[in-house]
Amino acid sequence: MALLKRRGSAEADAEPLAEQVELDVQDPSADPRRTAAKGRPTPKRSDARAARGRTVAPAGKGASRQDAKSARRRQSQEYRAAMMSGDVSRLPPRERAPERVLARDLVDTRLTVGPFFLVAAVVYFVGGLIPNGVVRLAATLLMLLGIIAVVVDSIVLSWQVSRKVAERYPDSRVRVRAYAAQRALLPRRWRLPRPRVSRGDARP
């Protein structure tokens, strides 16, 4: 009889456990490893990327960026017009430096070797295409003379400009030697900013 009682009590205890297991299987929320449904299907990766691409930036940020771009464009156009006219008051800040203005005026009032060197370079190039030894030799000699003349003229000009700038602006640290030499290599019509003095005028 004791054996029958123990078996009956074991079966009675197993029934609630079986019912609890069945309820847990039917109810997904009872499993902590499972999450509740979102109520909508998961979007595809391509659809998610397309949705991110359609995101519009805030209107204020886009408008300010467009305004800054337009302002830079207008500023560049104004600087370009000032470079073509030679108006010092509207030039970029770097070109408005008084040391550079003085260097440009000193270069523009004298005759430089740079434009003649460009002619010698063209003659040298054309002479190299002619199958004649005498012509090629003459073109080579002309090119060598042009190089020597440019070097000497650049050294003399840079020394004169730097000395004049040092006299007028003794505390200046603006470098004008290379600036003057580069400007002297170009013909007057190619120089920017445009010359505001004529060749042969009294040097400033």
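The values are calculated or read from the model by the stated rules, or taken from the named source; none is laboratory data. All values reported here derive from a predicted model rather than from experimental measurement. Areas reflect the complete protein model, heavy atoms only, side chains present, ligands, DNA and RNA absent. Shrake-Rupley method; radii C 1.70, N 1.55, O 1.52, S 1.80 Å.
The residues of the stretch 56-204 present an accessible area of 66 Å² per residue when probed at 1.4 Å with all protein chains retained. Phi angles of the stretch 146-153 translate, via the Karplus equation with coefficients 6.51, -1.76, 1.60 and θ = phi - 60°, into HN-Hα couplings of x, 5, 4, 5, 5, 4, 5, 5 Hz per residue; Gly and Pro are given as x. Multiplying the residue separation of ALA166 and GLN66 by 0.36 nm and subtracting their alpha-carbon distance yields 31.6 nm. Distances between placed amide hydrogens fall under 5 Å for THR109 paired with no residue 5 or more residues away or on another chain. With all protein chains in place and ligands, DNA and RNA left out, the 1.4 Å accessible area ranks LYS69, LYS164 as LYS69, LYS164, largest first. Seen through its C-alpha gyration tensor, with square-root eigenvalues sorted a ≥ b ≥ c, the stretch 59-172 comes out oblate because a/c lies at 1.5 or above while a/b is not bigger than b/c.
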